[in-house]
Structure formats: C-alpha cells, structure tokens
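One structure below.
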Amino acid sequence: MGRITKTAAEEAILCHSVLFSDLRPEEMEYALEFFHANRRVYKKGEILNTIGEPLPFFGMVLSGCVQVQTDDIDGNPMIMATVTTGETFGESLHYLRREAPVYIVAMADAVVLTMQTQAMYPTSWRSERDAALIHRFLLLLTNRTLAMNNRIQVLSKISMREKLITLFSMYAGTDGSRTVTLPFDRNGLAVYLGVNRSALSRELSR
C-alpha cells in the first residue's frame, strides 16, 4: 500500500504532481495509503482495463506513455487522451464507478501508479488530512476538464490548418522557441484530429 518501492526518479515525479506536491515523507506515505497506491509495470500494447466494466483504478504514469482510446462505429480507434510521465488518467470514470466506454493502452513499456478512490466517500474519510487529499484530487479533475476543453477548441476548428495551428499553439513553449514537441507520432496525430493521414502529411508539408 503506502510503502511501495519506487525509484528516485519516480519519487521526484510524485513530488511534482498536483496530488502529492509539497508533502513531507510521512504525509506522502499516508497519501499513498489513502489512495491504496500500487506500482504496476505494463508492456507495450498491453490493455489496462476491460471496456464496458467499471474502471478498476485511476493512474499516474511514472514512466512510458499510455493512451485512452475508444472505437468509432466502424471499429476505428479514436484517441481520447495521450498520457505521459507525471500525468494522470481515469479519475472521473473510476470515482463515478460507471462502466468505462474507453480502453487504456500502454503505447510503450510503462510504469503506472494505480490508485483507488473509495477512501474519498463521505462514510470513509475521517480527518482534516483526508479532506486535504480529497481537495488535491478535485484539483486533478479540474485540470482534466481544462485539458478536455483544449481538445474541444482544436476539434471545433473547421479547417485542418486551423486545427493544427491551434494544437501547436497549445504545445508551444514559453521560451520563444519555434520548436513544438507533441505526444503523438504522425499516425497518432491524424487519429487525434480525426483526419486522413495522407491529407495531414500534405498539410504539414505546406
């Protein structure tokens, strides 16, 4: 539970996350126990959950990358989110205990901190410390809502060029550099935007 084995790099990731930042060591251990945290390793291509069943946990990526995907009516995959190191996924679905309409795939070998929310229900939490951890979880949900709003902004653009410019602007650094790093390969970018890959390649060349 709380005293999980983690590397120094993983410890640093936790300390910089919304959920665990600025916690003293004893507070960190309590928080990990509160969320029933476990460190799990997934191989590239492994699916983390069963679609149509309640999501068994929410997670934080400690290394590697996972994608939240669903299939359209023709069975083609649609990327709902790409989750990289230090980011979280599945918070709302797990907390609501509803059947998950999505599946989560390890896009590379990944280490994930899996966590539970049952201690957050009113009949479970006991102290101000518990209430503070619940507040941190709500901050995670707020950040997830903002991320979904960003995607809506991209997809609401009419032309592919407008979609790309909006996306690039969101990922642009604040240091004045004209280099933009995206969490997709070209095929993943086409799926994320809902466009044909060949058409995307032509637009990128222009």
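The values are calculated or read from the model by the stated rules, or taken from the named source; none is laboratory data. Predicted model, so just to flag it, every value in this text is computed and none were measured. All Cβ positions, glycine included, derive from the backbone under ideal geometry; neighbour counts span all protein chains shown. Accessible surface is based on the protein model in full, side chains and every heavy atom, while ligands, DNA and RNA are left aside. Shrake-Rupley method; radii C 1.70, N 1.55, O 1.52, S 1.80 Å.
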Exercise. Quick one: is residue 52 open to solvent by less than 40 Å² (accessible area, probe 1.4 Å), within 24 Å of residue 135 (Cβ to Cβ) and assigned to a loop (DSSP other than H, G, I, E, B)?
Worked result: no
Seminar exercise, completed: When the range 61-72 is checked residue by residue, the ones that are in contact with a Phe, Trp or Tyr (Cβ under 8 Å, 6 or more places away or on another chain), part of a strand (DSSP E or B) and either charged (D, E, K, R) or in contact (Cβ under 8 Å) with a residue 40 or more places away in the chain (or both) are 61, 66
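Residue under question is residue 136, and the condition is that it be surrounded by 16 or more Cβ atoms within 10 Å (Cβ to Cβ) and farther than 30 Å from residue 44 by Cβ; does it hold? Step through it out loud before you land on a result.
Details: surrounded by 16 or more Cβ atoms within 10 Å (Cβ to Cβ): yes; farther than 30 Å from residue 44 by Cβ: yes.
So residue 136 passes the test.
Conditions (1) closer than 30 Å to residue 197 by Cα; (2) exposed (fewer than 15 other Cβ atoms within 10 Å of the Cβ), marked per residue:
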site	(1), (2)
86	yes, no
97	no, yes
100	yes, no
119	no, no
140	no, no
183	yes, no
Exercise. Within the bounds of the range 20-37, is there any residue that is within 17 Å of the chain's Cα centre (by Cα) and open to solvent by 50 Å² or more (accessible area, probe 1.4 Å)?
Worked result: no
Problem set entry | Among the candidates 65, 15, residue that is open to solvent by 40 Å² or more (accessible area, probe 1.4 Å) and of a type outside the set (Val, Ile, Thr) | 15
Exercise. Is there a residue in the range 176-189 that is of a type in the set (A, V, I, L, M) and assigned to a helix (DSSP H, G or I)?
Worked result: yes
For this session: Filter the range 84-99 for residues that are among the β-branched types (Val, Ile, Thr) and more than 25 Å from residue 121 (Cβ to Cβ) and give the result.
Result: 84, 85
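Yes or no, residue by residue, for (1) touching a helix residue (DSSP H, G or I) at 6+ places or on another chain (Cβ under 9 Å); (2) farther than 25 Å from residue 171 by Cα; (3) among the aromatic types (Phe, Trp, Tyr):
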site	(1), (2), (3)
5	no, yes, no
26	no, yes, no
32	yes, yes, no
35	yes, yes, yes
92	yes, no, no
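For the range 185-203, which residues satisfy the criterion of being open to solvent by 50 Å² or more (accessible area, probe 1.4 Å) and either among the polar types (S, T, N, Q) or over 26 Å from residue 70 (Cα atoms) (or both)? Before the answer, list the steps.
First pass over the range 185-203, keeping only residues open to solvent by 50 Å² or more (accessible area, probe 1.4 Å): 185-187, 194, 196-198, 202.
Across the range 185-203, the qualifying residues are 187, 196, 198, 202.
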